[in-house]
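Student: My structure is below; once you've seen it, I'll send some questions.
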Amino acid sequence: MAPLKRRAKDQAGREAKRAQAVGRETPRTESPVHGEPPAWAESRPDLCDALPWFRAVQGGSYHKDGFCWGYLIDADSGIRSYIDDEIVITRVGGGCTKDADGNLVLVKDQDSDGCIISSLMNSQAMKVPVGLVIGDRNTLLGRTLPHRYNVMGYFRITDIWYEKIGGRTGAKVRFEKLDLAEKSWWAGKDSPAPPSLAERDFAVRPETETCAVCVRESMKMYLDGWMCLNPSCARFWTLADENRPTADDLAFHPAFLRARHIPDAHMQPHESLVPDLLETLGEGSAAADCSTARIAWKGIVCPQCRKCISRRFWRGWKCTDEIMAPDTAAVAVTSARPACSFEKMVDMQPISLRAVVDEFELSPIKRALYFDTKYAVPLVDDHSVAPYRKLTYLLPGVGSITHFVANRAINRRTNGPDDLFRQLQLLDLGLRRYPLQQSVVPGTLTAHFAVNYQGMPYKYVVSVDSKGFDEASDEILRALGRLSWATEQAVQPDEVLPPNELLVLGYFNEMKIGYHDDGESALGPTIATLSLGARSTMSIRMKYKYYHGYSRAKKLLTDDPVLAGCRGEESRRTLRAQMAAGQLEPGQYDEQRRQLLLQTKASTGCRRAVSRTSEAPVCVRLAVHHGDLVVMHGEKLQQYYEHAVVPEGRLRFALTARHIQPAQVAAGERVRGETILQGEQVYDGR
């Protein structure tokens with residue numbers, strides 16, 4: 001027989017065996033499922049917020065403390081994978097990258113030293129069930145799934161083994177549904193009920209053979225024949241009877257697919273498949289005690305429609321939200337489901353300042369500050385704006401950061417920071433979390449609550465609904481007065497642009513805002529912030545591309561500003577001067593910069609070596625306390641630098657005022673940003 005015909009016949013035989021093994025003669029077509037999942041989500045962050053056993057916002061495996069707790073089967077299960085009503089066989093993640101077609105491919109061999117594989121092995125050994133979620137981009141099941149992410153149930157891990165995948169050694173795992181008595185919701189519509197436990201043959205097992213080379217036993221998993229599954233063996237993944245490498249298109253042996261394990265009373269899940277967070281929060285004073293705790297801003301599973309929903313609102317949860325994540329908008333528009341009416345608001349009793357500030361008398365008479373020389377040391381002024389202490393950090397050629405340090409006299413004044421902290425908690429400000437416009441995972445929400453006052457929404461990082469100052473309470477306007485005063489004190493008189501916009505941010509326990517800048521084109525050069533409640537640490541660093549002189553894609557800056565403290569500053573400044581003097585042609589300038597920046601490491605002023613791939617070191621670090629004001633000034637400051645804020649207690653408010661250029665606001669909306677402060681709304685610095 002000709003080689004071409006022989007290969008065609010072999011291929012046809014393998015296809016027939018595959019169809020026989022999975023119990024079908026033709027490829028599956030999309031068909032409806034039997035029921036509804038016990039919980040579901042339309043975005044990955046919602047799913048991970050609501051399910052404590054699956055917190056993997058990226059990746060398919062959630063592992064913690066050495067165990068695997070949850071697993072996602074979505075678009076790419078890998079070669080030789082399988083799903084039916086009770087069995088899931090899929091690849092193990094780790095050591096993979098995406099090819100040009102978006103498929104995951106192994107770039108290095110996997111072994112038990114990897115955290116994902118070792119966690120799976122530990123869960124198998126210690127009889128820890130794993131929660132499984134299936135995404136609607138998975139085609140192995142061949143059925144139409146009702147939602148983007150669908151909770152399947154708890155499964156036991158029965159087998160973990162290694163195969164040859166694309167020339168690399170990769171791991172596979174077999175999950176078996178824990179509850180064999182009930183019909184799976186993802187079973188085909190009108191399909192027969194599963195056999196009862198009494199009717200099942202739990203003795204069915206695949207055959208095993210011992211390798212003549214490594215003397216290790218391996219199961220016969222595939223119809224094509226037996227092969228050694230020990231990756232360290234010379235005969236690994238080689239068909240024993242043909243002495244040739246194993247083909248990619250293998251059909252699982254029926255015994256391997258039909259094998260079931262007797263229910264084990266000791267195999268109990270660590271947590272409920274569908275947790276009830278609301279029940280644990282309680283009502284009344286019990287709910288108020290934990291209203292700002294980290295657990296209280298996680299997600300819940302809606303008790304009416306079973307949807308996983310993150311906490312978007314300051315006071316609680318709503319199942320239907322008018323502001324949708326980018327990847328869920330189309331689903332919401334086309335869905336025939338009626339909007340769910342469920343909402344749960346928590347009794348948000350005010351938290352005392354004592355509960356969030358550790359200092360003995362809440363504020364010192366005069367704060368003594370220690371300045372770590374790893375960071376910039378400010379100019380200290382105890383006189384010009386007393387009783388504040390004024391700290392000024394200068395960034396040459398860029399701008400300044402002015403820190404007005406409060407004390408007991410300032411904070412205790414009537415309607416001062418102590419009173420404002422309590423008053424803001426009593427107001428219904430409309431604070432909520434919004435989807436980030438630019439995030440790796442669509443649907444990711446800010447780790448803070450926000451509301452904006454002005455005729456133009458603040459929208460650089462997120463799009464925030466805006467209110468006019470005609471809707472602002474007296475407390476908000478008094479805060480605006482303090483911020484206007486701080487702006488006037490920090491900026492030269494001819495550069496002062498009075499704030500006409502106010503952004504209120506609220507932070508619960510362990511919330512924070514990562515590195516970002518406030519460089520909207522519509523914003524003026526000054527940004528002033530009043531901090532109330534828990535202490536926070538504010539860190540400022542140079543942006544990656546200005547620090548290194550090139551982008552993350554290693555593209556040289558067209559115009560390198562050569563900022564003070566950047567990597568290779570002296571050499572870069574010399575090259576720039578030579579270019580400006582005509583001593584270097586543009587091509588020569590770029591080539592010498594490339595050799596300087598991409599092939600060397602540099603030492604910075606913080607006394608540590610910084611590689612050409614690391615972030616810039618923090619240059620300014622502020623300990624911002626209750627009642628303090630911080631003013632950042634300079635257009636280039638937001639262009640060249642970025643900042644992060646990490647609160648350190650149960651509750652913090654940050655009220656940030658800016659000037660928005662009137663030309664950037666629609667004429668009909670400008671009046672909303674106009675206000676005249678009166679009486680105690682005007683701050684005198686005391």
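Student: Quick one: in the range 378-400, which of the residues that are loosely packed, with under 12 Cβ neighbours inside 10 Å and closer than 21 Å to residue 564 by Cα is farthest from the chain's Cα centre (by Cα)?
Tutor: Start the filter on the range 378-400 by keeping residues that are loosely packed, with under 12 Cβ neighbours inside 10 Å, which leaves 379, 383-384, 396.
Next cut, closer than 21 Å to residue 564 by Cα only: 379, 396.
On the way: 379: 38, 396: 35 Å.
Per the stated criteria, the residue is 379.
Student: Is it true that some residue in the range 246-257 is touching a strand residue (DSSP E or B) at 6+ places or on another chain (Cβ under 9 Å), more than 19 Å from residue 157 (Cα to Cα), among the polar types (S, T, N, Q) and touching a residue at least 40 places away in the same chain (Cβ under 8 Å)?
Tutor: Checking the range 246-257: at least one residue is touching a strand residue (DSSP E or B) at 6+ places or on another chain (Cβ under 9 Å), more than 19 Å from residue 157 (Cα to Cα), among the polar types (S, T, N, Q) and touching a residue at least 40 places away in the same chain (Cβ under 8 Å).
Student: Could you check how many residues of the range 340-351 are surrounded by 12 or more Cβ atoms within 10 Å (Cβ to Cβ) and in a loop (DSSP other than H, G, I, E, B)?
Tutor: Of the residues in that region, 8 qualify.
Student: Further, regarding this structure: Hey, among the residues in the range 8-51 that are in contact with a helix residue (DSSP H, G or I) (Cβ under 9 Å, 6 or more places away or on another chain) and either under 30 Å from residue 299 (Cα atoms) or of a type in the set (A, V, I, L, M) (or both), which one's modelled with the lowest pLDDT?
Tutor: 22
Student: Right, another one. Considering only the range 467-516, how many residues are more than 22 Å from residue 391 (Cβ to Cβ) and among the aliphatic types (A, V, I, L, M)?
Tutor: 10
Student: Please specify each residue of the range 155-164 satisfying the condition of being within 23 Å of residue 75 (Cβ to Cβ) and within 30 Å of the chain's Cα centre (by Cα).
Tutor: Once the filter is applied, which keeps residues that are within 23 Å of residue 75 (Cβ to Cβ) and within 30 Å of the chain's Cα centre (by Cα), the range 155-164 yields 155, 157, 160.
Student: Could you say which residue among 124, 110 is outside any loop (DSSP other than H, G, I, E, B), on the phi < 0 side of the Ramachandran plot, in the same structural domain as residue 169 (by TED's automatic domain parsing) and not charged (D, E, K, R)?
Tutor: On the way: 110 fails: outside any loop (DSSP other than H, G, I, E, B).
Within the list 124, 110, the selection yields 124.
Student: Now for a different question. Collect the residues in the range 292-322 that are in contact (Cβ under 8 Å) with a residue 60 or more places away in the chain and not basic (Lys, Arg), keeping them in residue-number order.
Tutor: Passing the criteria: 292, 293, 296, 297, 299, 300, 301, 308, 309, 310, 313, 314.
Student: Please go through the range 482-497 and pick out each residue that is touching a residue at least 60 places away in the same chain (Cβ under 8 Å) and either among the basic types (Lys, Arg) or within 22 Å of residue 406 (Cβ to Cβ) (or both). Write out each step before concluding.
Tutor: Narrowing the range 482-497 to residues touching a residue at least 60 places away in the same chain (Cβ under 8 Å): 482-487, 489-491, 495, 497.
Matches in the range 482-497: 482, 483, 484, 485, 486, 487, 489, 490, 491.
Student: Which one is farthest from the chain's Cα centre (by Cα), of the residues in the range 49-75 that are under 17 Å from residue 142 (Cβ atoms) and surrounded by fewer than 20 Cβ atoms within 10 Å (Cβ to Cβ)?
Tutor: Step by step, filter the range 49-75, then rank; the result is 75.
Student: If I filter the range 463-478 for residues that are closer than 23 Å to residue 616 by Cα and surrounded by fewer than 17 Cβ atoms within 10 Å (Cβ to Cβ), do I get at least one hit?
Tutor: No - not one qualifying residue is present in the range 463-478.
Student: State all residues of the range 401-415 that are crowded, with 20+ Cβ neighbours inside 10 Å and either part of a loop (DSSP other than H, G, I, E, B) or among the hydrophobic types (A, V, I, L, M, F, W, C) (or both); if no residue qualifies, say none.
Tutor: Those that are crowded, with 20+ Cβ neighbours inside 10 Å and either part of a loop (DSSP other than H, G, I, E, B) or among the hydrophobic types (A, V, I, L, M, F, W, C) (or both): 401, 404, 405, 406, 410.
Student: Moving on to the next point. Exactly one condition in (1) surrounded by 14 or more Cβ atoms within 10 Å (Cβ to Cβ); (2) touching a Leu at 6+ places or on another chain (Cβ under 9 Å) is false for residue 188; which is it?
Tutor: Every listed condition holds for residue 188 apart from (2).
Student: To continue, here is another question. For the range 519-571, which residues satisfy the criterion of being of a type in the set (Gly, Ala, Ser) and either closer than 30 Å to residue 626 by Cα or touching a Phe, Trp or Tyr at 6+ places or on another chain (Cβ under 6 Å) (or both)?
Tutor: 519, 522, 524, 528, 531, 533, 534, 536, 539
Student: Among the residues of the range 427-467, write down those that are at pLDDT 90 or above, farther than 25 Å from residue 675 by Cβ and of a type in the set (Gly, Ala, Ser).
Tutor: Of everything in the range 427-467, just one residue is at pLDDT 90 or above, farther than 25 Å from residue 675 by Cβ and of a type in the set (Gly, Ala, Ser), namely 447.
Student: Further question on the same structure: Go through the residues of the range 435-442 one by one and say whether even a single one is farther than 19 Å from residue 312 by Cα, outside the structural domain of residue 149 (by TED's automatic domain parsing) and crowded, with 20+ Cβ neighbours inside 10 Å.
Tutor: No; the residues of the range 435-442 include none that is farther than 19 Å from residue 312 by Cα, outside the structural domain of residue 149 (by TED's automatic domain parsing) and crowded, with 20+ Cβ neighbours inside 10 Å.
Student: Also, I was wondering about something else. Just the residues that are closer than 21 Å to residue 508 by Cα and outside any strand (DSSP E or B), please, taken from the range 305-318.
Tutor: 310, 311, 312, 314, 315
Student: Continuing with the same structure: How many of the residues making up the range 491-528 are surrounded by fewer than 22 Cβ atoms within 10 Å (Cβ to Cβ), hydroxyl-bearing (Ser, Thr, Tyr) and under 30 Å from residue 676 (Cα atoms)?
Tutor: 1
Student: How do the strands (runs of 3 or more DSSP E) wholly within the range 141-238 filter down when requiring 2 or more residues that are outside the structural domain of residue 252 (by TED's automatic domain parsing), among the charged types (D, E, K, R) and out of contact with any Phe, Trp or Tyr (no Cβ under 6 Å at 6 or more places or on another chain): which remain? Explain how you work it out, then say what you get.
Tutor: Details: elements: 149-165, 168-177, 208-210, 217-219.
So the answer is 149-165, 168-177.
Student: May I pose another question? Mind checking which helices (runs of 4 or more DSSP H) fall wholly inside the range 498-605 and carry at least 1 residues that are touching a Leu at 6+ places or on another chain (Cβ under 8 Å), within 22 Å of residue 398 (Cα to Cα) and not aliphatic (A, V, I, L, M)?
Tutor: Hits in the range 498-605: 544-548, 569-580.
The values are calculated or read from the model by the stated rules, or taken from the named source; none is laboratory data. Because the structure is a prediction, the values reported are computed rather than measured. Positions of Cβ are backbone-derived with ideal geometry, glycine not excepted, and every protein chain shown enters the neighbour counts.
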